[in-house]
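Below is one structure, written out as structure tokens, with a few remarks after it.
Where a number appears in this text, it was derived from the coordinates with a stated rule and is not lab data. Treat the numbers as computed from the prediction; the structure is a model and nothing was measured. Every residue, glycine as well, gets a Cβ built from its backbone with ideal geometry; the counts of neighbours run over all protein chains shown.
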Amino acid sequence: MLASHEGNDSLEVDSASTAESTPELPCFDVSLEPPVADVHAEEPLDEHLVVRPLSELVFDEQSELIVEADDETSDRAVCPLHALASALRQDEPLTWLFAGIRPMGDDSIGDGRLTGEWFAEEWRAESGRSTDLVIDATWPQCTLALLKSHLKTRVVRHRPNVAFLFLDRSDASAGVEQLPQFERRLVAVLSVLSEIGTTAVLVQTPISVANDDIDAEIYFEAISGIARERDIPHLVLPSLSSRKAESPGRNAALFLCREVMRAF
């Protein structure tokens with residue numbers, strides 16, 4: 001069980017009871033439509049989780065999604081996701097989970113697909129790991145406080161091997177006065193994931209140079225600092241091109257897949 005001690009932001013996991021209560025992962029249904037983003041819904045129902053076994057995906061072999069893995073800049077010694085190397089060498093299926101803020105954009109560009117769906121397709125094409133499972137548990141307007149509140153139902157119960165936690169500048173809107181509480185919440189979430197054996201990867205949206213948001217920069221640095229202190233992989237998504245229309249979800253998925261491939 002995941003419990004929160006009243007009066008602080010710590011979390012605890014009862015390993016035995018949580019394992020017993022973990023439900024079977026739902027099978028992917030090809031008729032399942034991606035959830036429609038509702039900006040008024042803080043916590044979508046669990047049946048909206050998109051669970052996609054990679055072996056059931058169909059993709060175009062000539063798709064431009066294919067990413068070259070032999071990039072000259074790929075240096076394993078400085079690879080941000082080097083912590084995944086040992087897991088990637090195992091034959092057992094891995095569970096990849098996406099949680100936190102859902103990258104939003106024009107559905108006409110990305111066909112309404114979630115980041116997890118884009119990642120699943122690209123990951124199968126690049127890695128050949130057809131038995132891996134990808135779960136997209138992101139939702140719109142998700143703050144760290146909301147993620148922490150639903151950590152058990154959205155993340156812990158799936159026992160993922162890797163959890164990509166998407167954070168944007170939403171939490172910074174509370175001001176620097178709330179920064180200490182934000183830091184405690186982030187540490188609590190990371191501690192729980194570490195306890196259940198999940199490798200957490202902090203993923204942030206880029207801060208625009210033209211955006212003079214001091215609070216967002218302060219929160220950004222706080223996340224970076226916690227990642228360094230706890231040796232947590234920390235990635236910043238590339239900015240979308242201003243010259244052509246791009247899907248934020250697709251852009252994030254291709255970037256993450258490229259970084260994971262560097263850890264092979």
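So the values come out like this:
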{"quantity": "Sites Met104 and Ala145, calculated FRET efficiency, Cβ-Cβ separation with R0 22 Å, nearest 0.05", "calculated": "0.70"}
{"quantity": "Label-point separation, Thr131 to Asp213 (7 Å along Cα→Cβ), nm", "calculated": "4.3"}
{"quantity": "Added length on full extension, which subtracts the Cα-Cα distance from 0.36 nm per residue, Gln90 to Ser194", "calculated": "35.5 nm"}
{"quantity": "Pairwise Cα inverse-distance average, inverted: Kirkwood Rh of the stretch 89-220 (Å)", "calculated": "16.0"}
